[in-house]
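Colleague: Let me begin by handing over the structure; questions about it come next.
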């Protein structure tokens, strides 16, 4: 905290003193303000800059120069957890933006304080590799694997193993190579199109014009909604070069939760988070999906949806198209939804 006028900051009360400060005077308030603003941003670059400013408010651990009895207070632990959460969100954005080198020093500092935190270690492995230090990244993985085995008797979790595999398979592109004239890497999870597709001419003509839209298709099971959606998606694919994704929401069996569906979308982008929150409130995976989709042209097919609540969190930010297929009544309140009924026999080819 910085101020030259202590009389304005500290006031005497009946039983003690009262500290009066705003975000410009107290770093914890400024950190909270900047972090909240970054979390609310839909622009990945702006969010990353906000996280950087928020994290720059820290100069070591909370109350690091006070006795351990004070540092162990619950309020201090909450603040430390918030710092870690924001740091992990910033590292996730580095994997989207490619600015890995900017976050490596911060991750190294936090890893020294929490050497057995696997989520933190996984991001450090990725960011080291993205900074062109693949050997250091693999050495870091080997070190935490050894410590987990020796100190806790366990093996690394899924997200840490996935980070190692990404490095071994050279699936982390160093930031300085991303702007070179290399072929665009498209994330593609659409099912195979039906080669001898016939019929549905009027529907295809109305659907196959690229635009920002949400298409909701309703109809009885087995009439060909999925086959039509996939066929149209393949027609539209050239207009959405960054990603063409397909997720079966399993509405006719055991419906996926919105978060499970979100993890499948991120997996289609090559992003493995390993996080399993109870709901989407404050979910970093949701923030990451919205920020990624706000800066990319993506086409997403959500098949067999059971309700509007299931698909609403999955809508991409910015310019995107979302054909949706459902045997259930469509969500009439969905913003931008264009209803389209599909009836009759299934289109050519096996399955829906």
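Colleague: What number of residues within the stretch 61-102 are surrounded by 13 or more Cβ atoms within 10 Å (Cβ to Cβ) and not in a helix (DSSP H, G or I)?
Modeller: The total comes to 6.
Colleague: Count, please, the residues in the stretch 194-233 that happen to be modelled with pLDDT under 75 and either closer than 21 Å to residue 307 by Cβ or in a loop (DSSP other than H, G, I, E, B) (or both). If you could, list the steps in order and put the result at the bottom.
Modeller: Narrowing the stretch 194-233 to residues modelled with pLDDT under 75: 194-224.
Still in the list and also either closer than 21 Å to residue 307 by Cβ or in a loop (DSSP other than H, G, I, E, B) (or both): 194-200, 208-224.
Result for the stretch 194-233: 24.
Colleague: Filter the stretch 45-60 for residues that are buried (at least 16 other Cβ atoms within 10 Å of the Cβ) and under 20 Å from residue 78 (Cβ atoms) and give the result.
Modeller: Those that are buried (at least 16 other Cβ atoms within 10 Å of the Cβ) and under 20 Å from residue 78 (Cβ atoms): 51, 54, 55, 57, 58.
Colleague: Then there's this: Can you tell me which residue in the stretch 1-50 is farthest from residue 61 (Cα to Cα), limited to those that are modelled with pLDDT of 80 or more and in a loop (DSSP other than H, G, I, E, B)?
Modeller: 43
Colleague: Another question, then. Working only within the stretch 139-175, note down all residues that are assigned to a helix (DSSP H, G or I) and surrounded by fewer than 17 Cβ atoms within 10 Å (Cβ to Cβ). Before the answer, list the steps.
Modeller: Initially, the stretch 139-175 is screened for residues assigned to a helix (DSSP H, G or I), giving 139-152, 158-168, 175.
Selection gives 139, 142, 143, 146, 147, 149, 150, 151, 152, 158, 165, 168.
Colleague: A follow-up question, please. Has the stretch 62-81 got at least one residue that is modelled with pLDDT under 90, touching a helix residue (DSSP H, G or I) at 6+ places or on another chain (Cβ under 6 Å) and not assigned by TED's automatic domain parsing to the domain that holds residue 289?
Modeller: Scanning the stretch 62-81, I find at least one residue that is modelled with pLDDT under 90, touching a helix residue (DSSP H, G or I) at 6+ places or on another chain (Cβ under 6 Å) and not assigned by TED's automatic domain parsing to the domain that holds residue 289, so the answer is yes.
Colleague: Exactly one of (1) over 23 Å from residue 156 (Cα atoms); (2) at pLDDT below 75; (3) crowded, with 18+ Cβ neighbours inside 10 Å is unmet by residue 289. Its number?
Modeller: (2)
Colleague: Counting only residues that are modelled with pLDDT under 75, surrounded by 20 or more Cβ atoms within 10 Å (Cβ to Cβ) and in a helix (DSSP H, G or I), how many does the stretch 258-286 have?
Modeller: 1
The values are calculated or read from the model by the stated rules, or taken from the named source; none is laboratory data. Since we're looking at a predicted model, the values are computed, not measured. Positions of Cβ are generated from backbone atoms using ideal geometry, with glycine treated the same way; all protein chains shown enter the neighbour counts.
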